Amino acid sequence: MSKLPILKESNLASLIYLIRGEKVMLDTDLAKLYDLETRVLKQAVRRNLDRFPKDFMFELTGEEIDHMVSQGVIPSKQIFGGAKPFAFTEQGITMLSSVLNSRIAIQVNIAILRTFVKLRQLLIGHKDLAEKIERMEQKYDEQFRIIFSAIQQMLQEESKPRPKIGFKQKEK
């Protein structure tokens, strides 16, 4: 069980990417976690394609791969060995446990699913925070409007030419 130390939520969370609006994991990362070669994982999936509809798994396009490289998400295209990677959603990862029926696969899937749950809880927490901020903005909106109008008035008054101040000498 040499792979268990990598199963920390923080390590797993860094392997979850947002692609096409979905939180996914790539086949190369999953293969490492399952202690398999990527080609073996892909072969198992291809043999069971009926278990992986498009909302469970999809193949990345060349543009998506280029975008990931340009954003520094992955170091280079070479890590995929010339093949386009599969991206697995949470449901697809769950389905992988039925295709890859090993002890490591089961343990890895449990850890991954727990990580997805934690991420979902974090997002819900942020949603609550955003709602609180919005309520505060609405509550204090009138007070801020008064302040902003006062600032605007001051700025308008400054733009008008003002009489010079200081000592004025009478002309003879």
> Do we have any residue at all in segment 13-23 that's buried (at least 17 other Cβ atoms within 10 Å of the Cβ) and assigned to a helix (DSSP H, G or I)?
Replying inline: no
>> Report every pair of residues separated by at least 6 positions or lying on different chains whose Cβ atoms are under 8 Å apart, first residue within segment 53-74 and under 29 Å from residue 98 (Cα atoms), second surrounded by 13 or more Cβ atoms within 10 Å (Cβ to Cβ) and among the small types (Gly, Ala, Ser).
In response: 56/92; 57/87; 57/92; 58/87; 59/87; 60/87
> Has segment 59-72 got any residue that is modelled with pLDDT of 90 or more, in a helix (DSSP H, G or I) and surrounded by 12 or more Cβ atoms within 10 Å (Cβ to Cβ)?
Replying inline: no
>> Between 95, 136, which is surrounded by 10 or more Cβ atoms within 10 Å (Cβ to Cβ), modelled with pLDDT under 70 and not hydroxyl-bearing (Ser, Thr, Tyr)?
In response: 136
> Among the residues of segment 10-27, which ones are closer than 19 Å to residue 109 by Cβ and touching a strand residue (DSSP E or B) at 6+ places or on another chain (Cβ under 9 Å)?
Replying inline: 12, 15, 16, 17, 22, 23, 24, 25, 26, 27
>> I need a count of the residues in segment 73-88 that are at pLDDT below 80, closer than 23 Å to residue 52 by Cα and assigned to a loop (DSSP other than H, G, I, E, B).
In response: 2
>> Report every pair of residues separated by at least 6 positions or lying on different chains whose Cβ atoms are under 6 Å apart, first residue within segment 115-130 and over 15 Å from residue 89 (Cβ atoms) and modelled with pLDDT under 75, second small (Gly, Ala, Ser) and surrounded by 12 or more Cβ atoms within 10 Å (Cβ to Cβ).
In response: none
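The values are calculated or read from the model by the stated rules, or taken from the named source; none is laboratory data. From a predicted model like this one, the values you see are computed outputs, not experimental measurements. As a convention, Cβ positions derive from the backbone with ideal geometry for all residues, glycine included, and neighbour counts pool all protein chains shown.
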